[in-house]
Structures are given as C-alpha cells and as structure tokens.
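Quick notes on the structure that follows.
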Amino acid sequence: MVVDTLNEPTTINNIAEQAEVAWETADSEVKRLQTENKVRERDDGLYEPNPVQQFLDQILQLIEDHSKSELESQLQEYQEQVENLSEEYGVPSVKELREQLTNDDVSAAEMQEIRNVSDTWEALELEIRLLKNALQLYDDLSQLSQSNGETPITV
C-alpha cells in the first residue's frame, strides 16, 4: 500500500518506516512488486511505482467497473468540462492558461486560481486519456469475455 501512495521516489528504509515494518520485510515486498512489474528501481537506487503499469491498471479498473455506455457518458462529461474551462478562461489549452502565471499584472489570488484551474484541467485531461483508452480496448475485451457491453467486464 505504501508504494502505491508514493508521490516521489524513495528508499527501502523510507518504505519500511511508512509501512511500520522491518527493513527486510519492506525489501522482500518491494522485490516481489518488482517481479510483478508494479515497482521499478531507478538508476539512483530509489524505488517508485511503475507509471506504465499504474496507467494500465487504471484502464482495466475502468473497464471492470463500468459499462461501455457509462464510460462514454463520463468521457462526454469530462470533455464538456474541459471545453467550458477553455471558453471561460479564453485559452485553448492548459499550457496557455499556465503561461498567464508569468504576466506582470496577475495578482497572487489570480495566480492561485490559475493554478487550481490548471490542476483541475490537467486531471480532466488525464481522465479523458484513460477513458479513451478504456473505450478503445472495451470491444476487444468484451469479445474475449463474451460480454454484451451493457455490463462491466471481468478482467
């Protein structure tokens, strides 16, 4: 559980401390997670969740938890939210919104709002990517599992 919640790469010592287990226990568990491709060791000796595996796990979870129609509705809702943000702030992308932070006439309160909106926008874009990938895989997985697309697929 500790490894799944890491925000930055860390050592076995830190993982053991956070999990409140002995170093040997944390080390063996991290090694097991490495063999399952859920954790990777960086060149600097620190450990982090495997972002590719996390992304794939999230896609599979979406497919398992939702019907195709639910995924399509969620995609539409998130896309509408992104379009509304784009219209409200008069910029076509989150990158251009963040660029407004460097304007000389932006107050601290406006900077905070821009940062908050940018974070929300980026989260929506990630969810949109996940949903699009889930929908692309849905039909193939549906055929393999013999699902009709109206009920979630068991992966």
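The values are calculated or read from the model by the stated rules, or taken from the named source; none is laboratory data. Because the structure is predicted, anything quoted here is derived from the model rather than measured. Please note: Cβ atoms are built from the backbone with ideal geometry, for glycine as well, and neighbour counts cover all protein chains shown. What goes into the accessible areas is simple: the full protein's heavy atoms, side chains included, and nothing from ligands, DNA or RNA. Shrake-Rupley method; radii C 1.70, N 1.55, O 1.52, S 1.80 Å.
Which of these values of Rg and Dmax of the Cα atoms in Å was calculated from the structure shown: [x] 20.2, 59; [y] 15.3, 48; [z] 17.8, 56?
[x]
If you roll a 1.4 Å probe over the heavy atoms of the protein chains, what accessible area per residue do you get for the stretch 60-128, in Å²?
63
May I ask you to give the percent of accessible area on the stretch 1-113 that is carbon plus sulfur, with a probe radius of 1.4 Å?
That fraction is 46 percent.
Taking a cut-off of 25 Å between Cα atoms, list the lysines near residue 68, but don't count ones fewer than 8 places away on the same chain.
Those lysines meeting the cut-off are 132.
If exposed means no more than 14 neighbouring beta carbons inside 10 Å and the site is in a DSSP loop, what's the longest run of the chain without any exposed GluC sites (Glu not before Pro)?
Formally, the longest exposed-site-free interval is 37-149.
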